[in-house]
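The next block holds one structure in the form of structure tokens; read it before the comments.
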Amino acid sequence: MFGTVVVGVGIAGLARIRDLMNPMPSSPSEHLKLFGFVSRRSFGNINEAKQISLEDALRSKDIHAAFISTENRSHEETIRMFLEAGKHVLVEYPMALSAKAAHELWEMAEQKGNTFVLKSVSSL
């Protein structure tokens, strides 16, 4: 199993939590295990998914990938943190607010050997 965390619990984040908790049969999501979600607001649990701290998500050896579903202005910083921690990243569009930052993030992922995926919210 590939451990995951969802960062942000807006519309996209809640959809990610739902899909990871109940993967479609024979889909790639069946190989993902949701270890929890990160939010700046206190929720406790959402649909049996537990809230964990950002620090715990970054340090955990069981978490291999982060689904970034925060507000656009925080994407760049959050992506950088997870890439620095050696995690794979899937982010909702846009990945950054400038082309320069986007190129830097892409290069950072390549240097770290991490997978970096840009996902459009409209494809949910």
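Observations
- Per residue solvent-accessible surface (Å²) - the stretch 40-124, probe of 1.4 Å: 61
- The chymotrypsin sites (Phe, Trp or Tyr not before Pro) of the stretch 37-91 that meet both conditions, a loop assignment by DSSP and at most 16 other Cβ atoms within 10 Å of the site Cβ, are F43.
- Placing M81, M95, M1 in order of accessible area, with the largest value first and a 1.4 Å probe, yields M1, M81, M95.
- Mean residue ellipticity at 222 nm, helices only, the chain: -10000 deg cm²/dmol; runs of at least 4 DSSP H residues each add -39,500 (n - 2.57), and the sum is divided by the number of residues.
- Bridging of K87 to lysines at a Cα separation below 16 Å is possible for K33, K61, K112, once same-chain residues fewer than 8 apart are set aside.
- Most fluctuating residue given options A102, A12, A57, as computed from a GNM of the chain linking Cα atoms under 10 Å: A102
The values are calculated or read from the model by the stated rules, or taken from the named source; none is laboratory data. Given the structure is predicted, the values throughout are model-derived calculations rather than measurements. As a convention, Cβ positions derive from the backbone with ideal geometry for all residues, glycine included, and neighbour counts pool all protein chains shown. Ligands, DNA and RNA are excluded from the accessible area calculation, which covers all protein heavy atoms including side chains. Shrake-Rupley method; radii C 1.70, N 1.55, O 1.52, S 1.80 Å.
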